[in-house]
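*Asks:* Take a look at the following structure, please.
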Amino acid sequence: MEKTWKPTTAGILSIIAGALEVIGGIIVLTVGAATTGAANVPNWMMFFSAAAIPMLILGIVAIVGGTYALKRRIWGLALAGAICSLFGAWFILGILAIIFVIMGKGEFQ
């Protein structure tokens, strides 16, 4: 079986998008924690901490899925990682990762 660039590119895109999601989750978690006990802070800002947890989880799954795409193992996990990379600010990376994982399905073990 010939190895093409598609799973490699999908893995790199998923890892980049996942890292951006994790960094964003850490920033949102930090802002939420900093504003929780502060005076004169609107109540809606206290929900930042709750919003950060899904961002962190999605980012970690995207990174793990990207790693499996680079190794060309467990196609379902690589696809799940690509799907999780959709939910960040750079969702175009997730769209491209999904397309490349699907196109390279035959290369996975």
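Every read-out reported here was derived from the displayed coordinates using simple, explicitly stated rules and does not represent laboratory data. This structure is a prediction, so every number in the text was calculated from the model and none was measured. Ideal geometry is used to build each Cβ from the backbone, glycine not excepted, and the neighbour counts take in all protein chains shown.
*Asks:* Amide H of residue 73: which non-local residues (sequence gap of 5 or more, or other chain) have their own amide H closer than 5 Å, using H built in the peptide plane?
*Replies:* For residue 73, the qualifying residues are 109.
*Asks:* Do the sum for the chain: with -39,500 (n - 2.57) for every DSSP H run of n ≥ 4, divided by all residues, what is the mean residue ellipticity at 222 nm, to the nearest 500 deg cm²/dmol?
*Replies:* About -24500 deg cm²/dmol.
*Asks:* Let me ask something additional. So, R0 is 30 Å and r is the distance between the beta-carbons of residue 53 and residue 102; what FRET efficiency does that work out to, to 0.05?
*Replies:* 0.55
*Asks:* Sticking with this structure for a sec: Placing +1 at every Lys and Arg Cβ and -1 at every Asp and Glu Cβ, with all other atoms neutral, what dipole size does the chain have around its Cα centre, in debye to the nearest 20?
*Replies:* Here the chain has a charge dipole of around 320 debye.
*Asks:* Let me test this: with uniform point scatterers at the alpha carbons of the chain, what is the Debye-based log₁₀ I(q)/I(0) at q = 0.10, 0.21 1/Å?
*Replies:* -0.33, -0.88
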